[in-house]
Amino acid sequence: MTFEKRIPAPPPKSDEFNPGGVIALGAYRSLWWALSPFVPFVLRHRAARGKEDIARLPERFGHASRERPDGTLIWIHGASVGECLAALPLIARLLALPGRNVLLTSGTVTSAQLMSERLPPHAFHQYAPIDRSNAVQKFLTHWRPDLALFIESELWPNRVVETHYAGVPIALVNARLSTKSFQGWRRAKGAARRLLACIDVCLAQDTRVAEQLRILGAPSVTISGSLKADSPPLPVDDAALATFRGALGERPLFLAAQTHLGEEETVLDAAQSLRQKVPNALTVIVPRHPDRGDAIAVLAQMRGFKVARRALRELPRAETQIYVADTLGELGLFYRAAKFAFLGGSLVPRGGHNPLEPAILGAPVLTGPHTENFDETFRALLAAQGNAPIRNAEELSREVIRLLSDPSETERLGARARSAVAQLAGALDRTVDAAEHLLARHARA
């Protein structure tokens, strides 16, 4: 299968064809061509900041760094670390049959480094091509995948369209849309309908996402659940965890993870109340974007807290009250060190972050009211734990003090959280079934 001799792709059904969508997608493709001369400069600038791998930049333009293996090749794409980790059990299942290989692509340096350590035999990593038509075409011409599985919300128009035109069946798996993404696609509904017509099946995490995809015009939607409920726990460096626990000692720990701008003020308010009740407690803040670590540290210092930062290779000392964990890839460490976790992106309208990651490790989850990204998952966890969303610093401090004051209750809630995760599992089997069906159909074609 090459681009000179493409397998003919079936046209969208007449009720899915929308001239406005064609025009919108055409304008998007034209914009990429207009911006093409600047893309190398942008990528090199990102590489200088550690956000691209300078040695592997050709992969971003569709130039492979290795040969295509013989046999069936399944292409799986995830944006970053979370999606790639969720794909690992899926990769293992798909490789159970002989003669198969998996190409995993992602767009971040951290995910590439992690996957180089964790991918099984017959699976390998490449950086995803930028969403420019000729880059995607070069990528597809070299790799000739038999199936493409895009994880969560990876709906890059040129990537989807070119893959469809190459005759490669596509599934959007573990699908989810943030409220912002859904509203954006809804404003460009013609383009969304045209794009989704290229996808053979969408496997939605829950009923809300399924309804969103149907509204946008997806022709085939089923509810699979979340792959992350079937994922292994987040990885951890055991030596780093032991070192942190040694520095922590017997101090109570309040963990606020994945926080966004506008949330740290509430966390610090709660930490102030906590300090009055539990003077030796340590508050750890893990910002969603580590480059905000300096600003968070300054904010805490202005309030009179004694602060240490992980990005500066500091460990918490006896006098440290706020520890800013402004590094990448260490959430697994802090979820294991803490007895429970408050998850950010939920006190501000960001839709929340994945609560399964702490829950699978037996850590009860606290959250604000904005949980749209994982609405049904949060609902199941909170129902199992018997707690409600937190609205302000007073409620947060009250709940933190309660959990720190009653370790047996915290442990009981953690067991309930872990049990709820087990009940949410099953997406892996449904995703494998869909992938096998598409592979068999592609083989017959």
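The values are calculated or read from the model by the stated rules, or taken from the named source; none is laboratory data. Everything numeric in this text was worked out from a predicted model, so none of it was measured. Cβ coordinates were reconstructed from backbone atoms using ideal geometry, including for glycine residues, and neighbour counts include every protein chain displayed.
The strands (runs of 3 or more DSSP E) falling completely within segment 259-355 that include 2 or more residues that are buried (at least 24 other Cβ atoms within 10 Å of the Cβ) and not polar (S, T, N, Q) map to 282-287, 322-324, 341-343. Is segment 87-104 home to any residue that is under 22 Å from residue 153 (Cβ atoms), buried (at least 19 other Cβ atoms within 10 Å of the Cβ) and of a type in the set (Gly, Ala, Ser)? Yes, because at least one residue in segment 87-104 is under 22 Å from residue 153 (Cβ atoms), buried (at least 19 other Cβ atoms within 10 Å of the Cβ) and of a type in the set (Gly, Ala, Ser). The condition of being crowded, with 19+ Cβ neighbours inside 10 Å, at pLDDT 95 or above and not in a strand (DSSP E or B) holds for only one of 438, 404, that being 438. The C-beta contact set for segment 141-155 (first residue over 17 Å from residue 107 (Cβ atoms), second residue assigned to a strand (DSSP E or B), distance under 6 angstrom, 6+ apart or interchain) comprises 145/73; 145/75; 146/72; 146/73; 147/74.
Contact annotation: residue pairs with Cβ atoms under 7 Å, 6 or more positions apart or on different chains, pairing a residue in segment 225-252 that is closer than 19 Å to residue 422 by Cα with a partner that is part of a loop (DSSP other than H, G, I, E, B) and β-branched (Val, Ile, Thr), are 233/360. Taken as a whole, the structure places residue 250 among residues that are farther than 20 Å from residue 286 by Cβ and in the same structural domain as residue 293 (by TED's automatic domain parsing). Taking segment 223-251 only, how many residues are surrounded by 15 or more Cβ atoms within 10 Å (Cβ to Cβ) and under 22 Å from the mean Cα position of the chain (by Cα)? Final tally of qualifying residues: 13.
Counting just the residues of segment 98-124 that are touching a strand residue (DSSP E or B) at 6+ places or on another chain (Cβ under 8 Å) and assigned to a loop (DSSP other than H, G, I, E, B), which one comes out farthest from residue 140 (Cα to Cα)? So the residue we want is 119.
Filter segment 384-394 down to the residues that are within 28 Å of the chain's Cα centre (by Cα) and in a helix (DSSP H, G or I), then identify the one that is farthest from residue 272 (Cα to Cα). Among them, the one singled out is 384. So is residue 413 under 19 Å from residue 257 (Cα atoms), surrounded by 14 or more Cβ atoms within 10 Å (Cβ to Cβ) and touching a residue at least 40 places away in the same chain (Cβ under 8 Å) or not? Yes; evaluated as a whole, the condition is true for this residue.
Reported count of residues in segment 201-210, each being crowded, with 20+ Cβ neighbours inside 10 Å and not aliphatic (A, V, I, L, M), is 3.
I need a count of the residues in segment 85-110 that are touching a residue at least 40 places away in the same chain (Cβ under 8 Å), touching a helix residue (DSSP H, G or I) at 6+ places or on another chain (Cβ under 8 Å) and not basic (Lys, Arg). Number satisfying all stated conditions: 10. If I ask for residues that are outside the structural domain of residue 192 (by TED's automatic domain parsing) and either acidic (Asp, Glu) or touching a Cys at 6+ places or on another chain (Cβ under 7 Å) (or both), which ones from segment 215-236 would you list? If the condition is that a residue be outside the structural domain of residue 192 (by TED's automatic domain parsing) and either acidic (Asp, Glu) or touching a Cys at 6+ places or on another chain (Cβ under 7 Å) (or both), then 230 is the only one that fits. Taking the conditions (1) touching a residue at least 40 places away in the same chain (Cβ under 8 Å); (2) surrounded by fewer than 16 Cβ atoms within 10 Å (Cβ to Cβ); (3) farther than 30 Å from residue 210 by Cβ in turn, residue 423 satisfies each one other than (3). Checking each residue in segment 312-371 for being among the β-branched types (Val, Ile, Thr), in contact (Cβ under 8 Å) with a residue 60 or more places away in the chain and closer than 25 Å to residue 407 by Cα picks out only 360.
Checking each residue in segment 28-57 for being in contact (Cβ under 8 Å) with a residue 60 or more places away in the chain and either of a type in the set (Ser, Thr, Tyr) or not assigned by TED's automatic domain parsing to the domain that holds residue 106 (or both) picks out 28, 36. Could you list all residues from segment 55-78 that are touching a strand residue (DSSP E or B) at 6+ places or on another chain (Cβ under 6 Å) and of a type in the set (Asp, Glu)? Residue satisfying the conditions is 59 alone. Of the residues making up segment 89-136, those that are out of contact with any Leu (no Cβ under 8 Å at 6 or more places or on another chain), modelled with pLDDT of 95 or more and either closer than 16 Å to residue 231 by Cβ or not assigned by TED's automatic domain parsing to the domain that holds residue 49 (or both) are 92, 94, 106.
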